[in-house]
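What follows is a set of notes on a single structure, which appears directly below.
The values are calculated or read from the model by the stated rules, or taken from the named source; none is laboratory data. What you see is a predicted model; the values in this text were computed from it and never measured. Here the Cβ positions follow ideal geometry from the backbone for every residue, glycine too, while neighbour counts run over all protein chains shown.
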Amino acid sequence: MLTRKTYRDLLIITAATLISVFLIWIPHILKLPNFLGLDFSQGFQTIYRNFDGLEYVFIAKTLYFPNAFAALPQSMPAEYFAAHFPGYSLLMLAVAPIFGYLKSMILVPLLFTTLSAFAFYFLIRDFKLTNHPLLLSIIFLILPARWLIVHSVGSAEPIFIFFTISALYFFMKYEQVMKPSYIYAAAAFGILAQFTRPPGILLFFALSAYILWKIIREKGSNIVNQIGKNIASYWPLLLIPGSLLTIFYWYSISYGDFFAYFHSGDNIHLSFPPFQVFNKGQAWVGDIWLEDIIYILILGFLGGLMLIKQKLHPLAFFVLTYLGASTLVAHRDVSRYILPIFPFVLIAFEKVLVSKEFRIVLIIVALAIYLYAQNFILLNTAPYPNTQLFD
């Protein structure tokens, strides 16, 4: 049952979400030619043109059929879009008759940013992971700084993060009381996460690894029977890879290629051995100033280990599985690729983040976060100057 305090907290979180995004949008709306040294004279078109929103608009308009892509004013091969899963585009398609595609492209992530903050709030409150659920939920809206960017433009990450937090919330609820409806809810949100972004399969791998670890750890003479019993108990999670196969079947109809995702060019960014992000020769790296990635990896792995220490094992398995897979991503923008682990890393460092000292630091660096976000948004634009062609 929701209390008056809960309703108040959710209202504050909603207001904080809208204010944080509006502060990013306002200089673009006003077309300020010189604001804090940055040029916003291109107006709100800059927000519309930011990667990867328009690419999901293309999918909403074409549903992956190559002939439909050819009719749009864009130059990418149809196979390129197979690396972008359909969840975001389907949500956009559902509301486009009301708002149009461009507004839907940014309103859907805004809605799911709010829902992500709600899900995070209930996760940390219901499992008593902090004494300051409202404060930590507001911090969640602005950290890491890359998250502030993606929930202010067209992107699939807010949707994916909401589904991921929700899946883990219901999985942990199931672990508490073993009520079947909770594991079905976890599986349903896992399916939706998989439909939204390819790394959704990592949620299945992480939970499977956790279940296997839990079985092995439990004392018992007949581990085979234990495995059989637990698999029967957790079987709805098998629907997550089933949803991946459904997407590939969709590709077999639209592209005539069941494995179109793996034929989408250099969109996948996976490489071996690990840490090829530190190879300047990789196509999506091309840089030597990469020390920030070291700090991101340290925080991520340390957060995962701290979650183990805090006995939050499902969250720890997700963080370490996702981050381990991300060591194979050869892309400069690693901070975006591992955004889904950060809500749980915040939980790992909760005691520091809610401290008075950290709040002082956050006030000091707030302008730096804002300038970083605006500088990135101004330069991260797709080569489509007339976005009205896609509405």
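Can you tell me which of LEU270, LEU320, LEU302 is closer than 27 Å to ALA209 by Cα and touching a Phe, Trp or Tyr at 6+ places or on another chain (Cβ under 8 Å)? Among LEU270, LEU320, LEU302, only LEU320 is closer than 27 Å to ALA209 by Cα and touching a Phe, Trp or Tyr at 6+ places or on another chain (Cβ under 8 Å). Residue count for segment 361-381 under the criterion of being surrounded by fewer than 16 Cβ atoms within 10 Å (Cβ to Cβ) and either under 12 Å from LEU54 (Cα atoms) or in contact with a helix residue (DSSP H, G or I) (Cβ under 6 Å, 6 or more places away or on another chain) (or both): the result is 1. Among the hydrophobic types (A, V, I, L, M, F, W, C), under 30 Å from LEU134 (Cβ atoms) and assigned to a loop (DSSP other than H, G, I, E, B), is that true of LEU2? For LEU2, the condition - among the hydrophobic types (A, V, I, L, M, F, W, C), under 30 Å from LEU134 (Cβ atoms) and assigned to a loop (DSSP other than H, G, I, E, B) - is met.
Candidates ALA283, ALA325: the one that is part of a helix (DSSP H, G or I) and either at pLDDT below 95 or farther than 30 Å from ILE26 by Cβ (or both) is ALA325. Considering (1) surrounded by fewer than 19 Cβ atoms within 10 Å (Cβ to Cβ); (2) in a loop (DSSP other than H, G, I, E, B), the lone condition that HIS331 does not fulfil carries the number (1). Taking the stated definitions as given, is VAL354 farther than 25 Å from GLY154 by Cα, surrounded by 12 or more Cβ atoms within 10 Å (Cβ to Cβ), of a type outside the set (Gly, Ala, Ser) and in contact with a helix residue (DSSP H, G or I) (Cβ under 6 Å, 6 or more places away or on another chain)? For VAL354, the condition - farther than 25 Å from GLY154 by Cα, surrounded by 12 or more Cβ atoms within 10 Å (Cβ to Cβ), of a type outside the set (Gly, Ala, Ser) and in contact with a helix residue (DSSP H, G or I) (Cβ under 6 Å, 6 or more places away or on another chain) - is met. Taking the listed residues LEU2, LEU91, LEU30, the one that is touching a residue at least 60 places away in the same chain (Cβ under 8 Å) and not β-branched (Val, Ile, Thr) is LEU91, with no other qualifying.
Among the residues of segment 174-212, just one is in contact (Cβ under 8 Å) with a residue 24 or more places away in the chain, farther than 22 Å from PHE140 by Cα and among the charged types (D, E, K, R), namely GLU175. Say whether the condition of being farther than 15 Å from TYR295 by Cβ and in a loop (DSSP other than H, G, I, E, B) is met by at least one residue in segment 358-377. For segment 358-377, residues farther than 15 Å from TYR295 by Cβ and in a loop (DSSP other than H, G, I, E, B): absent.
For the criterion of being aromatic (Phe, Trp, Tyr), surrounded by fewer than 24 Cβ atoms within 10 Å (Cβ to Cβ) and over 16 Å from the mean Cα position of the chain (by Cα), PHE118 fails. Selection of segment 70-92 for residues being buried (at least 22 other Cβ atoms within 10 Å of the Cβ) and over 15 Å from GLY53 (Cβ atoms) yields only ALA82. Any residue at all in segment 248-271 that's farther than 22 Å from LEU63 by Cβ and in contact with a strand residue (DSSP E or B) (Cβ under 7 Å, 6 or more places away or on another chain)? Checking segment 248-271: at least one residue is farther than 22 Å from LEU63 by Cβ and in contact with a strand residue (DSSP E or B) (Cβ under 7 Å, 6 or more places away or on another chain). Among all positions in segment 380-388, there is no residue which is within 24 Å of SER137 (Cβ to Cβ) and assigned to a loop (DSSP other than H, G, I, E, B).
If we scan segment 194-201, do we find a residue that is in a helix (DSSP H, G or I) and more than 16 Å from PHE162 (Cα to Cα)? No: segment 194-201 contains no residue that is in a helix (DSSP H, G or I) and more than 16 Å from PHE162 (Cα to Cα).
A single member of PHE118, PHE122, PHE85, PHE163 is under 24 Å from ILE377 (Cα atoms), of a type in the set (Phe, Trp, Tyr) and modelled with pLDDT of 95 or more, and it is PHE85. Beta carbons closer than 8 Å, at least 6 apart along the sequence or on distinct chains, pair a first residue in segment 66-78 that is over 18 Å from TYR101 (Cβ atoms) with a second that is loosely packed, with under 15 Cβ neighbours inside 10 Å and at pLDDT below 85 for PRO77/GLY265; ALA78/ALA70. Assess whether PHE205 counts as being crowded, with 21+ Cβ neighbours inside 10 Å and part of a helix (DSSP H, G or I). So PHE205 does not fit the description; no.
Restricted to segment 27-69, and to residues there that are more than 18 Å from LEU371 (Cβ to Cβ) and touching a strand residue (DSSP E or B) at 6+ places or on another chain (Cβ under 8 Å), the residue that is surrounded by the most Cβ atoms within 10 Å (Cβ to Cβ) is ARG49. If you go through segment 22-79 and pick out every residue that is among the basic types (Lys, Arg) and either over 21 Å from the mean Cα position of the chain (by Cα) or farther than 30 Å from GLY265 by Cα (or both), you end up with 2. When MET76, MET105 are checked against the criterion of being closer than 27 Å to ALA260 by Cα and assigned to a loop (DSSP other than H, G, I, E, B), a single residue qualifies: MET76. In segment 329-352, the residues that are farther than 13 Å from PHE160 by Cα reach residues that are among the acidic types (Asp, Glu) with C-beta atoms within less than 6 angstrom, at least six apart or across chains, in these pairs: ARG332/ASP287.
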